[in-house]
Amino acid sequence: MRAGFAFRIAASDASARSGQLDTPHGRIATPAFMPVGTQGTVKAVTTDELRRCGAQVVLSNTYHLYLRPGHERIERLGGLHRFMGWDRPILTDSGGFQVVSLAASRTIDDDGATFRSHLDGSSHRLTPEKAIAIQESLGADVAVFAPGHGHLIGEPHKEVRRLIAHRLAREAKVVAALERLGTSTLEALVAAVYDDVHPRLHRVAVRSLTAHLEKLVTEGRVRDASSRFALVA
């Protein structure tokens with residue numbers, strides 16, 4: 001865990017638990033209610049009033065701050081904490097909720113979403129890499145990568161087939177990489193198999209790659225010798 005961050009379970013009872021999340025701007029007792037400051041402010045409430053109410057953390061919106069006033073401007077002004085006048089933790093989302101809430105003005109593909117701004121109609125591209133870069137510029141304590149927002153899938157069988165096809169295409173890249181590289185480590189394979197993914201996300205991609213390799217090992221198509229992988233002849 002990064003410097004300044006720590007989490008511990010304070011108490012538990014069956015499946016319920018409470019915890020403490022330490023961040024560079026203070027501790028959050030979980031579970032926690034987060035006042036929503038979409039555009040860098042909680043409407044009709046000052047930061048002093050939030051403190052008196054006992055708010056531990058405020059949620060702000062990556063997509064809306066990116067559009068206005070702009071994450072680069074906020075960074076030049078000293079980051080989101082200074083911009084808001086808030087010295088406690090801030091969580092920013094990834095813009096994922098807008099994929100649902102602004103469905104009428106966006107398109108989605110395998111790599112991200114393209115939005116038409118509700119402010120001036122301009123076009124903006126939001127990918128996982130860009131969402132993380134924006135949140136880094138804002139200086140959030142907790143940056144959300146991929147929230148679980150979603151809508152009812154109208155054609156679930158079609159969507160499942162699409163997801164299976166996507167996974168099989170990635171599996172084929174794993175096999176092709178092993179054919180090309182020979183015996184390889186996870187580090188070498190992730191760079192080859194996820195060459196379409198930003199290197200900063202390779203640590204996350206390792207989890208998916210590991211799942212692919214475990215499946216191939218179970219099927220007898222790949223052998224694992226102390227985390228060095230090779231195709232079975």
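Confirm whether ARG180 is under 22 Å from GLY112 (Cβ atoms), among the basic types (Lys, Arg) and in a helix (DSSP H, G or I). In short, no.
Only residues that are over 20 Å from SER227 (Cβ atoms), part of a helix (DSSP H, G or I) and of a type in the set (D, E, K, R): list them for segment 183-208, please. If the condition is that a residue be over 20 Å from SER227 (Cβ atoms), part of a helix (DSSP H, G or I) and of a type in the set (D, E, K, R), then ARG200 is the only one that fits.
Across segment 4-51, the number of residues qualifying as part of a loop (DSSP other than H, G, I, E, B) and in contact with a Ser or Thr (Cβ under 9 Å, 6 or more places away or on another chain) comes to 8. Of all residues in segment 52-70, those being touching a residue at least 40 places away in the same chain (Cβ under 8 Å) and outside any loop (DSSP other than H, G, I, E, B) number 6. Beta carbons closer than 8 Å, at least 6 apart along the sequence or on distinct chains, never pair a first residue in segment 157-173 that is free of Cβ contacts under 8 Å to residues at least 12 places away in the same chain with a second that is surrounded by 11 or more Cβ atoms within 10 Å (Cβ to Cβ) and among the aliphatic types (A, V, I, L, M).
Of all the residues that make up segment 94-110, how many are without any contact (Cβ under 8 Å) to a residue 40 or more places away in the chain and either outside any helix (DSSP H, G or I) or surrounded by 15 or more Cβ atoms within 10 Å (Cβ to Cβ) (or both)? Count: 7. Search segment 113-139 for residues being farther than 14 Å from ASN61 by Cα, in contact with a Lys or Arg (Cβ under 8 Å, 6 or more places away or on another chain) and surrounded by 17 or more Cβ atoms within 10 Å (Cβ to Cβ), and hand back the single one that is modelled with the highest pLDDT. Only one residue fits best here, namely PHE115. Can you tell me which residue within segment 70-106, out of those that are modelled with pLDDT under 90 and among the polar types (S, T, N, Q), is nearest to HIS25 (Cα to Cα)? Only one residue tops the list, namely SER94. Restricting to segment 203-229, and then to whatever is farther than 16 Å from ALA172 by Cβ and over 31 Å from the mean Cα position of the chain (by Cα), can you tell me which residue is surrounded by the most Cβ atoms within 10 Å (Cβ to Cβ)? Within segment 203-229, the match that is surrounded by the most Cβ atoms within 10 Å (Cβ to Cβ) is ARG223. Kindly indicate whether any position in segment 155-177 is assigned to a loop (DSSP other than H, G, I, E, B) and under 15 Å from ARG228 (Cα atoms). No, segment 155-177 contains no residue that is assigned to a loop (DSSP other than H, G, I, E, B) and under 15 Å from ARG228 (Cα atoms). Against the list (1) in contact with a Leu (Cβ under 7 Å, 6 or more places away or on another chain); (2) over 22 Å from SER117 (Cα atoms); (3) among the hydrophobic types (A, V, I, L, M, F, W, C), the condition CYS53 fails is (1).
The values are calculated or read from the model by the stated rules, or taken from the named source; none is laboratory data. On a predicted model such as this, the values are computed, not experimentally measured, just so you know. For neighbour counting, all protein chains shown are included, and Cβ atoms are generated from backbone atoms with ideal geometry for every residue, glycine included.
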